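Some notes on the structure that comes next.
The values are calculated or read from the model by the stated rules, or taken from the named source; none is laboratory data. All of these numbers come straight from a predicted model, not from anything done at the bench. Cβ coordinates were reconstructed from backbone atoms using ideal geometry, including for glycine residues, and neighbour counts include every protein chain displayed.
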Amino acid sequence: MVAVEAAAAPRRRFALLMAARDSEYVLKKYGGYLHVFVAAFGGAGEAWDLYRAVDGELPAAEDLGAYDGFVISGSPHDAYGDDLWILRLCALVRELHATRKRVLGVCFGHQVICRALGGRVGRARAGWDVGVREVAIADAAAAAAPCRFLDALRERGELPRRAKITEVHQDEVWEVPEGAAVLASSDRTGVEMFRVGEHVLGIQGHPEYTKDILLSLVDRLLAAGSITVPFAEAVRRQLEATAPDREFWLRLCKSFLKADEDHQVCM
């Protein structure tokens, strides 16, 4: 386990469950994905612990109570795969859900949460989605039962009807778990965001990604033959003209992870 510790005794502690290995680019530029996530979702007086779930490293059962929340990263692996580490991660998600621990999943994390809680995940019917995608939020969010972390954003006028987010995925959620609420969708993906109560949130896109990380991933996908040259060029052109609403997504994720649990109103 690797940790980013607060200077003094931390007010909150979070666990990052990494479902991918650090790329050479991210290691060189940021020192690893842990620092990318902490820069995106972290705050003063917090401690963040890294568990390399992809290598079978997960927090011990007796340590789960020490954490205020958990974040599951993206991954090049399929959330519907039966690798042992994926099955163990699913079991952990079910345990965290049963104890109402806060869990945020992005991309693969979004999908694996869905699978673990009884939903359906598979290959994206429209193929690869790479770039910046506009998603519809307000109507779906407003239709759901009252929810403190969403209501806080709405009351401050910070919950837009539409918002752009960085996407890199070829899998998607087909059907959310029973009792889940779909909070956002796009013309490409039916479930861009969902929640279960106020303690589980899945986001298909990557709020944590910066433009340079996405461009690096485009280069890697092209080198691996996963996308074509024209596809990669179209993504690069889009990124010159369009940017995600990253600050909104970071506020949303922080509002979710750090909402006061004593005042939850979602069922």
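Checked against the criterion of being among the small types (Gly, Ala, Ser), surrounded by 16 or more Cβ atoms within 10 Å (Cβ to Cβ) and closer than 26 Å to Val71 by Cβ, the range 230-251 contains not a single residue that satisfies it. Can Glu95 be described as out of contact with any Gly (no Cβ under 8 Å at 6 or more places or on another chain), within 17 Å of Pro177 (Cα to Cα) and acidic (Asp, Glu)? Yes; evaluated as a whole, the condition is true for this residue.
Mind checking which strands (runs of 3 or more DSSP E) fall wholly inside the range 1-113 and carry at least 1 residues that are touching a Pro at 6+ places or on another chain (Cβ under 7 Å)? Even if it seems obvious, please write down each step before you answer.
On the way: elements: 2-4, 12-17, 46-51, 69-72, 102-106.
So the answer is 12-17, 46-51, 102-106.
Conditions (1) closer than 13 Å to Glu172 by Cα; (2) out of contact with any helix residue (DSSP H, G or I) (no Cβ under 9 Å at 6 or more places or on another chain), marked per residue:
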{"site": "Gly65", "(1), (2)": "no, yes"}
{"site": "Val71", "(1), (2)": "no, no"}
{"site": "Val93", "(1), (2)": "no, no"}
{"site": "Ala116", "(1), (2)": "no, no"}
{"site": "Ala126", "(1), (2)": "yes, yes"}
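Scanning the range 167-175 for any residue that is surrounded by fewer than 20 Cβ atoms within 10 Å (Cβ to Cβ) and more than 29 Å from Glu240 (Cβ to Cβ) turns up at least one such residue. Do you know which residues across the range 51-102 are within 21 Å of Leu217 (Cβ to Cβ) and small (Gly, Ala, Ser)? Answer for the range 51-102, where residues must be within 21 Å of Leu217 (Cβ to Cβ) and small (Gly, Ala, Ser): Ala53, Ser73, Gly74, Ser75, Ala79, Gly81.
With respect to Glu95, is the statement that it is more than 15 Å from the chain's Cα centre (by Cα) and modelled with pLDDT under 95 true?
Working: more than 15 Å from the chain's Cα centre (by Cα): yes; modelled with pLDDT under 95: no.
So Glu95 does not fit the description; no.
No other residue among Ala19, Ala40, Ala91, Ala79 is among the hydrophobic types (A, V, I, L, M, F, W, C) and within 14 Å of Leu257 (Cα to Cα) apart from Ala40.
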